[in-house]
Amino acid sequence: MIPAEPSEILPVWQIKSFDQLTGEELYGILQLRIDVFVVEQNCPYAEADGADLRALHLWAEMDGKTVACCRIFPAGIKYEVPSIGRVATHADYRGLGLGKKMMTLAVSTSASRHNTDEIQISAQDYLLHFYQDFGFAPTGKRYLEDNIPHTEMRRTGNK
């Protein structure tokens with residue numbers, strides 16, 4: 001059962017490669033992504049896309065559950081530059097700053113691991129302003145992905 005209001009417990013942030021994930025951690029990440037992208041957004045799509053195997057997984061746990069997550073990729077997996085994707089926050093935990101903290105951690109992790117500030121993302125259009133706060137700018141490429149409007153965005157340097 002989800003509490004009416006999230007607890008005052010601070011999130012515990014973790015970052016691991018796919019091979020380092022426990023079954024329980026992977027289950028929590030996939031459950032959150034399915035809850036947000038498939039159920040909440042009413043968008044049936046193939047969540048298991050094979051890319052998790054090559055991603056670095058960043059996530060937050062609170063109240064014994066995965067409440068925010070994303071994937072971080074090196075160059076050449078999703079785009080020619082490093083990228084961040086599958087950014088999700090559980091509906092009951094939005095408004096706590098988890099998405100901002102996660103993107104700050106993801107950007108700094110990508111920069112330090114990949115030795116570049118360049119990062120590319122595929123952003124759902126309603127979140128363009130959110131990503132712009134982290135230095136991402138639209139590339140001009142707009143498209144429908146799983147029937148949801150998206151814009152390709154790139155960060156080329158420090159915010």
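Summarising the label geometry, the points placed 7 Å from Cα in the beta-carbon direction at L128 and E47 lie 2.9 nm from one another.
The string of couplings for segment 74-85 from the Karplus curve (6.51, -1.76, 1.60, θ = phi - 60°) is x, 4, x, 9, 9, 9, 6, 10, x, 9, 10, x Hz, one whole number per residue in order, with x for Gly and Pro. In order along segment 55-62, the Karplus-derived 3J(HN,Hα) couplings, from 6.51 cos²θ - 1.76 cosθ + 1.60 at θ = phi - 60°, round to 9, 9, 9, 10, 8, 10, 10, 9 Hz, and Gly and Pro are given as x. The long axis of helix 23-33 is offset from the longest Cα principal axis of the chain by roughly 70 degrees. Helix-only arithmetic for the chain: the sum of -39500 (n - 2.57) across DSSP H runs with n ≥ 4, divided by the residue total, places the mean residue ellipticity at 222 nm at -6500 deg cm²/dmol. In terms of its C-alpha gyration tensor, segment 28-83 has an oblate overall shape, because the principal axis ratio a/c (a ≥ b ≥ c, square roots of the eigenvalues) is not below 1.5 and a/b does not outweigh b/c. Here the residues F73, F134, ranked from fewest to most Cβ neighbours within 10 Å of their Cβ, fall in the order F134, F73.
Computed 3J(HN,Hα) for segment 95-109, one whole-Hz value per residue from the Karplus formula 6.51 cos²θ - 1.76 cosθ + 1.60 where θ = phi - 60°, is x, 9, x, 5, x, 5, 5, 4, 5, 4, 5, 5, 5, 5, 5, glycine and proline marked x. Between T22 and I77, the FRET efficiency estimated from the beta carbon spacing at R0 = 22 angstrom works out to 0.45. The length gained by stretching the chain between N147 and K100 to full extension, at 0.36 nm per residue less their Cα-Cα distance, is 14.3 nm. Segment 106-135 and segment 33-49 have their alpha-carbon centroids 22 Å apart. A straight Cα-to-Cα reach below 30 Å connects K16 with the lysines K65, K78, K100, K101, K159, residues fewer than 8 places away in its own chain not being considered.
Any read-out appearing in this document is the output of simple, stated calculations on the displayed coordinates, not a laboratory observation. Note that the structure is a prediction, hence the values are computed from the model and not measured. Here Cβ is always computed from backbone atoms with ideal geometry, including for glycine, and neighbour counts include all displayed protein chains.
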